[in-house]
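Student: I am attaching a structure below and will ask some questions about it afterwards.
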Amino acid sequence: MTLRLRRFAALPALMTALALLLAVSPADAAHRSVPDSHADAAARLDITRFEVRNTSLRISAVIHVQNLKKTGIFQQRYYDSTFDTLLSYGVQVHRDRHGHLHVHAFRDDENGDNNIRCRGVHARWLIHRNVVRTSMPVRCATGVAFEPLHVNAVSFDPGDLGVADSTRSFAVKKN
């Protein structure tokens, strides 16, 4: 093989190495993704992966669902270290049978869950991608230390009272 051909043959390996180096940036330190068991809930509520990005301004989450349909309720909680022992905040997304999306931030304290006003809370229900995306400004969650942020996600069937599926809790460092 000539020198020119050897250089050309090494190009794909070099490009792959460069892409991997660029993919691992300091901003990724604030992102974590964890898998969840498949087929442990009804497919439309079965969480298969939960991703969270924690920055100094915003907490963004992506809930992957096995077979997302038109209706359901998904919720994620943000807290310091131990779930349900301290103050926590979260975002709840409910899509009703008419296709209306209801999104609100909430605070969980000694008085239980209470909706809070939080400008900038957003959600998207992407049926064709089997994904529910949420975003909440950090300024809405006063009194919680986000270094690291502890999170979990749950799903509910609008017709039932109990949890359909839940992810394990995990920590996400702050960027």
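Student: Carbon and sulfur: what percent of segment 103-160's accessible surface (1.4 Å probe)? Intermediate values should be presented prior to the final figure.
Tutor: Numbers: 1370 of 3230 Å².
On segment 103-160, the fraction of accessible area on carbon and sulfur atoms equals 43 percent.
Student: Just for the Cα atoms in segment 30-142, what are the lengths along the principal axes, largest first, rounded to whole Å?
Tutor: 35, 30, 26
Student: Quote to one decimal, in nm, the extra length available between Ile116 and Val144 on full extension: 0.36 nm per residue of separation minus the C-alpha distance between them. Before the final figure, lay out the partial values.
Tutor: Details: separation 28, 0.36 × 28 = 10.08 nm, distance 1.50 nm.
Additional length available on full extension: 8.6 nm.
Student: Per 0.36 nm of contour for each residue apart, how much would the distance between His98 and Ile127 grow if the chain were fully extended, relative to their Cα-Cα spacing? List each step's numbers first, then the result.
Tutor: Numbers: separation 29, 0.36 × 29 = 10.44 nm, distance 1.44 nm.
Stretched out fully, the His98 to Ile127 stretch lengthens by 9.0 nm.
Student: Ser81: accessible area at probe 1.4 Å, nearest 10 Å²?
Tutor: Only protein atoms counted, so the area is about 70 Å².
Student: Using Cα-only point scatterers and the Debye equation, what is log10 of I(q)/I(0) for segment 37-96 at each q in 0.26 Å⁻¹, rounded to two decimals?
Tutor: -1.14
Student: Calculate the FRET efficiency for Lys174 and Ser81 from the Cβ-Cβ distance with a Förster distance of 22 Å, rounded to the nearest 0.05. Write out the running numbers ahead of the final one.
Tutor: On the way: r = 14 Å, r/R0 = 0.63.
Efficiency for this residue pair is about 0.95.
Student: With every protein chain kept in the model, how would you rank Glu51, Glu110 by accessible area, 1.4 Å probe, largest at the top?
Tutor: So, going from the largest accessible area down, we get Glu110, Glu51.
Student: Write down the accessible area per residue of segment 30-175 in Å², having rolled a 1.4 Å probe over the full set of protein chains. Show your work: numbers first, answer last.
Tutor: Values: 7450 Å² over 146 residues.
Per-residue accessible area for segment 30-175 comes out at 51 Å².
Student: Still on this model: Run the simple label-point estimate for Ser56 and Asp109 please: 7 Å along Cα→C-beta, distance reported in nm.
Tutor: 2.7
The values are calculated or read from the model by the stated rules, or taken from the named source; none is laboratory data. Worth saying up front: this structure is predicted, and the values here are computed from it rather than measured. In this analysis, Cβ positions are derived from the backbone assuming ideal geometry, glycine residues included, and neighbour counts consider all displayed protein chains. Protein only, heavy atoms only, side chains kept; ligands, DNA and RNA dropped before computing areas. Shrake-Rupley method; radii C 1.70, N 1.55, O 1.52, S 1.80 Å.
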